[in-house]
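Okay, structure first, notes after.
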Amino acid sequence: MSEHIVAAYDDELTGIAGTIAEMGGLAERMLVDSVTALVRVDTHLAQSVITTDLRLDSMQRRVEEATISLIARRQPMARDLRDIVTALRVSIDIERIGDLAKNIAKRVAAIDGHFHPKRLALGVEHISDIALEQVKAVIDAYTGKDSVAALAIRDRDNEIDQMYTSLFRELLTYMMEDPRNITFCTHLLFCAKNIERIGDHATNIAENVYYQVTGQQLADDRPKLDESSLTPADFGTR
Amino acid sequence: MEAMVADARPSATIRSVPSEGFKPAKVITQDVNVYYGQKHALKHVTIDIPERSVTAFIGPSGCGKSTFLRCFNRMNDTISAARVTGKIGIDGLDIYDPSLDVVQLRARVGMVFQKPNPFPKSIYENVAYGPRIHGIAASKAELDDIVASSLRKAGLFEEVKDRLNESGTGLSGGQQQRLCIARAIAVGPEVILMDEPCSALDPIATAKIEELIDELRENFTIVIVTHSMQQAARVSQKTAFFHLGDLVEEGPTDMIFTNPKERRTQDYITGRFG
């Protein structure tokens, strides 16, 4: 797209998009580190995730201030308006992804010193790999303004939902197998839920990118496949 | 009065295709061209103006939007070098029909200009002038009523009711503009044309006019030419973008300002090089 007559306008828009890309990178790193810290029970790494979240929060506030100021000063229209609204929304989703990664990291301290067989965390590691792919892909779709990629990302969220439901069953099984697993598995379950929520934020971002590029809102007809709330726990008492 | 005008209507009718999301068309134009001597100022413009709605014409200077607006009450007739082709119909009546009474047309299609231009007469006389020359009021009392109700509709009555005999030119710019709107309303028009009605006003006076436009659209079909895209976005339901004499794009205002289809519209409204 050609440049604005007012060059500073372009600089401001580029600056905001740049901050968002940076935020995306930071959130990806936090997700990886938080899950690694969880699997290894590495409280040091977990602490660094918690610290990084402060940085992410302050970047989000910067984006928010910049977008509000842009709207007030330049009264953006059409594509510019969609760019700015999308930037604001995407920054909020990324900030939430950071919060969720931080929540995972916070659990590491709680697990530390307790019974935590590594194999129980494999499922969480796996779901986090998929979520990470989604986050990476959606930040790329945002920076590349790629509505086709955004649609594909939105459709892939089903995988995470399904995986979360099966992980829920798996963790229940571990708890029934050995009551000593209950504490760890409960933490893992919360972590898995956090990761599933990260997937939802990636989906939100994908929908916003689609809107930004095409000007069309996607209809909310995506099937929700997280059925964990409908999954009964059968303790074999009957 | 109305019957007289109706009788004078030629039989030629101009119809439009109903467009979705808008009220029925009040004004219909088909392949309208305007030439100033050799210059082709407006090229093949076909658009419907929905009734009791605000339609905004936007575009850079010299794009033809004011020229087009002035076709609706044949103001271009006053420019000897100007030539208009194509069809413009109001309620199916061809307004370029040679047998049409232009004075009557201008009573039906009022106009408000960029700079407030009250007559150098009293506030009362400014509003009473039109109804008087058109013979609309049968008595002084009726004329008084028309003046008061027109000033009320223009949102000016409360501010001037105690000084109706003072000069209209003594009012502030925003008040003068509302006086001009009252003057336009007084002859009972159906269509009101506004050519950059706020460009000489401060933001408060502008807001008052915009509020007024919003109220007036319940009873009048309004067409506004404006350089302020924010104003077009605020006051209109339909927007048409002109560039170099072409009607580039028209559609619901929300759509034009959030998701225009044409590259030239996008570039213009976002402040890019077009």
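Would you mind computing Rg(Cα) / (2.2 N^0.38 Å) for the protein assembly as shown, counting N as its residues? Before the final figure, lay out each step's value.
On the way: Rg = 32.4 Å, N = 512, 2.2 N^0.38 = 23.5 Å.
Computed over Cα atoms of the protein assembly as shown, the ratio equals 1.38.
Viscosity 1.306 mPa s, temperature 10 °C: Stokes-Einstein D of the stretch B:90-236 from its Kirkwood Cα radius, in µm² per second? Can you show the working numbers first?
On the way: Rh = 15.6 Å.
Approximately 102 µm²/s, per Stokes-Einstein.
Roughly how compact is chain A, stated as its Cα Rg over 2.2 N^0.38 Å to two decimals? If you can, show how the numbers build up before the last one.
Details: Rg = 19.9 Å, N = 238, 2.2 N^0.38 = 17.6 Å.
Rounded to two decimals, the normalised Rg is 1.13.
Could you work out the helix-only [θ] at 222 nm for the protein assembly as shown, with each DSSP H run of four or more residues adding -39,500 (n - 2.57) and the total divided by the number of residues, to the nearest 500 deg cm²/dmol?
Working: 17 runs with 283 residues, N = 512.
Value at 222 nm, helices only: -18500 deg cm²/dmol.
Taking a spot 7 Å from the Cα of residue A:166 along the direction of its beta carbon, which residues of the stretch A:118-143 have an amide N less than 20 Å from it?
A:119-135
Which log10 I(q)/I(0) values, to two decimals, does the stretch A:1-101 give at q = 0.15, 0.16, 0.25 Å⁻¹ under the Debye formula with one point per Cα?
-0.62, -0.68, -1.22
Note down the net charge around residue B:265, summing +1 for each Lys or Arg and -1 for each Asp or Glu among other residues with Cβ under 12 Å from its Cβ. Please list the in-between numbers first.
Details: positive: A:79, B:261, B:263, B:264, B:272; negative: B:246, B:249, B:250, B:262, B:267.
Local net charge: 0.
For residue B:113 and residue A:7, what is the calculated FRET efficiency with R₀ set at 30 Å and r taken between the beta-carbons, to the nearest 0.05?
Details: r = 36 Å, r/R0 = 1.18.
The formula returns an efficiency of 0.25 here.
Taking 7 Å along the Cα-to-C-beta vector as the label spot, tell me the residue A:54-residue A:190 distance in nanometres, rounded to one decimal.
Rounded to a tenth, the inter-label distance reads 2.2 nm.
Could you tell me what fraction of 2.2 N^0.38 Å the Cα radius of gyration of chain B comes to, as a two-decimal ratio?
Normalised by 2.2 N^0.38 Å, the Cα Rg of chain B equals 1.00.
What is the Cα coordinate range of the stretch B:27-173 on the first, second and third principal axes, sorted by size from largest, in whole angstrom?
Projected onto the principal axes, the Cα atoms of the stretch B:27-173 cover 51, 33, 30 Å.
For residue A:193, go through the lysines and keep the ones whose alpha-carbon is under 16 Å away, minus same-chain ones fewer than eight residues off.
Answer for residue A:193, where 16 Å is the Cα cut-off: A:102, A:106, A:224, listed by chain and number.
Looking at chain B, what % of its DSSP beta bridges pair antiparallel, to the nearest 5?
Details: 25 of 43 bridges.
The answer is about 60 percent antiparallel.
Each value in this text was obtained by applying a stated rule to the coordinates, not by laboratory testing. Worth saying up front: this structure is predicted, and the values here are computed from it rather than measured. Quick reminder, even Gly has a Cβ in these numbers, built from the backbone with ideal geometry, and neighbours come from all protein chains shown.
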